[in-house]
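Please treat every number below as a calculation from the coordinates, not as lab data. Just so it is clear, the structure is predicted and the values come from calculations on it, not from any experiment. Neighbour counts are summed over all protein chains in view; Cβ atoms, including those assigned to glycine, are modelled from backbone coordinates with ideal geometry.
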Ligand code: COA
Ligand code: MG
């Protein structure tokens, strides 16, 4: 994946009306869902509708991803076969329990005739076992893996927790820990860390605040469930004007003194890791302009 999406908008695969909006929501990536938002009785229809959508989608729209049903579910193989035939940007793997599951899906994609370019985004904290297996992502590179996100809803159900947030909106410790470990796992694997969705889709201020914070913490994008969340997420995951200005000054200072290891700018010590970060920040800002 060349540019890491800021917003990843879920669209239920059985909703023709919502799918028709996919290209017009402003999302960097769309995830057509065949899993939890689709009733068992509608799985086959959703698969057909998602395939049809991919077959007719224009190439200049958002990156198109499809969330398949979990490995081992009765739907999984049919999902992979139907979707891979239409060359999506990638597949989103729910209930992923470690790098072995990503490899298993990679094998299924290859057996279905999918090329190397079909990537995988793993949702990697949906079961207790999944959280323990996060460390596996630090052990060796995982083929096709492009993004790793975490989920709080299924984990709450799996734990038997009555909820996942306190009255002040902050996550319970268990979910904060899973979130931090998912961020570390993504970075250890060299892939995009994606923050989980903000389920209260009318709470724009809460979404904005938590997204700005997520970027400061190291996430580079976020799952969305409603079109109204997309612009807020896109803005929150862009570098600010001050950051762009500051990064530009760092790059310029090192360009003037290419042999310097450390430079002082306005009384602050700036060294090579700052230059690296500034270069990445400017590239990301340019990618979305
Ligand atoms: N993608 C595209 N369009 C969407 C959308 C989505 N995810 N969510 C809502 N819309 C559309 C609606 O169809 C509606 O269109 P209209 O104005 O032409 O009627 C418009 O946006 C406003 O929707 P609204 O009435 O505010 O929401 P809703 O009550 O119809 O839907 C949800 C609420 C949560 C059911 C819906 O947002 C949704 O399906 N989200 C995705 C769920 C999902 O995929 N979950 C799996 C991941 S956890
Ligand atoms: Mg789920």
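Quick notes
- Calculated [θ] (222 nm, deg cm²/dmol) that DSSP helices of n ≥ 4 give over the chain, each run adding -39,500 (n - 2.57): -13000 deg cm²/dmol
- Distance between the 7 Å Cα→Cβ label points at residue 16 and residue 135: 5.1 nm.
- Cα shape, the stretch 150-201, gyration tensor, a/c 1.5 rule: prolate
- Packing-based ranking of 194-204, 28-38, 9-19 yields 28-38, 9-19, 194-204, ordered from highest to lowest mean Cβ neighbour count within 10 Å.
- Where only C-alpha atoms are counted, convex hull volume of the stretch 1-156 per residue in Å³: 110
- Using a simple spin-label model with pseudo-atoms 7 Å out from Cα toward Cβ, residue 143 and residue 266 lie 4.8 nm apart.
- Summary value for the stretch 92-140: 53 percent relative contact order, contacts being C-alpha pairs under 8 angstrom separated by 6+ residues.
- Beta bridge orientation in the chain: antiparallel %, DSSP, nearest 5: 15
- Sorted on the mean count of surrounding Cβ atoms within 10 Å across their residues, most packed first, peptides 118-126, 66-74 read 118-126, 66-74.
- A Förster radius of 30 Å, combined with the Cβ-Cβ distance separating residue 153 from residue 40, puts the computed FRET efficiency at roughly 0.95.
- Taking the empirical scaling 2.2 N^0.38 Å for compact globular proteins as reference, the chain has a Cα radius of gyration ratio of 1.04.
- Segment residue 78-residue 117, length gained on full extension (0.36 nm per residue, minus Cα span): 12.0 nm
- Restricted to Cα atoms, the stretch 62-136 shows a radius of gyration and a Dmax of 11.9, 34 angstrom.
- Calculated FRET efficiency for the pair residue 228/residue 251, C-beta based, R₀ 41 Å, to 0.05: 0.70
- By other beta-carbon atoms within 10 Å, ranking 76, 96 with the fewest at the front produces 76, 96.
- Whole-number D in µm² s⁻¹ for the stretch 241-287, Kirkwood Cα-pair radius fed into Stokes-Einstein, 37 °C, 0.692 mPa s: 308
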